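Notes follow once the structure below has been shown.
The values are calculated or read from the model by the stated rules, or taken from the named source; none is laboratory data. All figures in this text were calculated on a predicted structure; none of them were measured in a lab. Neighbour counts are summed over all protein chains in view; Cβ atoms, including those assigned to glycine, are modelled from backbone coordinates with ideal geometry.
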Amino acid sequence: MRWASAASPSTTTSTRSTDEVLGRGGGRMTGQLVVVPYDPQWPHRFEEIAASLRDALGALPVVAIEHVGSTSVPDLAAKPVIDVDVVVTRDIVRAAVAAIASAGYEPLGEMGVPDRFAFRSPVGAPRQNIYVTVVGSLALRNHLGLRDTLRACPDLRDEYGAVKLALAARTDDIDVYVDGKTDIVLRILQKVGLAQHELDELEGVNRMVGDSVAKARPR
């Protein structure tokens, strides 16, 4: 499936620079800050998005397409935006980014998060954040660690959901929202087994560039 877009790439990968293909220097992902109770339709929306990404990626050797972010955790309040990690080996990153861009997604580059290449969704697409992530990277381990820990720990899941709902009720500023939940995110990640220097790096990234699963809104 190819979402309609006014800004679809018109040149082939072979004639485009690496910065153009990877989206280096791209803009910030934006969107209205809304947190809602869990919707059991979210897994189905992920499957639809994943199917369209598989079509775009074709025969590329993708390691996995993962549903991540809060919408991937049953019974967790979340921003109603589906987060997806397209996991690839490092040598496939450029081709994967180009393939997804050819389906109408605008590459935004790493946005301050190493080995995680973000996209702005096409006009008319379901609300989603798509990332190409490098297998084994800290960015991927962050996403999967948060998801798997929250799925396994209902008390922590409920505490995290309550923090997010409270923050969203008092601010529309995504940076304030992200900063307000950084402490509990780091507490969750401590259960994942990340090294202290990795936790320090993730804290710095969160406070510098905002939520690693920030909402994307088509322009």
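Quick notes
- Looking across segment 102-129, the residues that are touching a helix residue (DSSP H, G or I) at 6+ places or on another chain (Cβ under 9 Å), surrounded by 24 or more Cβ atoms within 10 Å (Cβ to Cβ) and among the hydrophobic types (A, V, I, L, M, F, W, C) come down to 117, 119.
- Of all the listed residues (93, 62), the sole one being at pLDDT 95 or above and not in a helix (DSSP H, G or I) is 62.
- Residue match in segment 131-139 (condition: part of a helix (DSSP H, G or I) and either within 24 Å of residue 187 (Cβ to Cβ) or without any contact (Cβ under 8 Å) to a residue 60 or more places away in the chain (or both)): yes
- Among the residues examined, residue 146 qualifies as among the aliphatic types (A, V, I, L, M), closer than 19 Å to residue 79 by Cα, within 14 Å of the chain's Cα centre (by Cα) and in a helix (DSSP H, G or I).
- Breaking point among (1) in contact with an Asp or Glu (Cβ under 8 Å, 6 or more places away or on another chain); (2) over 23 Å from residue 200 (Cβ atoms); (3) not in a loop (DSSP other than H, G, I, E, B), for residue 101: (1)
- The residues of segment 142-180 that are crowded, with 18+ Cβ neighbours inside 10 Å and not hydrophobic (A, V, I, L, M, F, W, C), listed by number, are 142, 143, 145, 147, 149, 157, 160, 161, 164, 177.
- Condition check for residue 37: in contact with a Gly (Cβ under 9 Å, 6 or more places away or on another chain), at pLDDT 55 or above and of a type outside the set (Phe, Trp, Tyr): yes
- Test: residue in segment 6-17 that is surrounded by 13 or more Cβ atoms within 10 Å (Cβ to Cβ), over 22 Å from residue 123 (Cα atoms) and modelled with pLDDT of 95 or more: no
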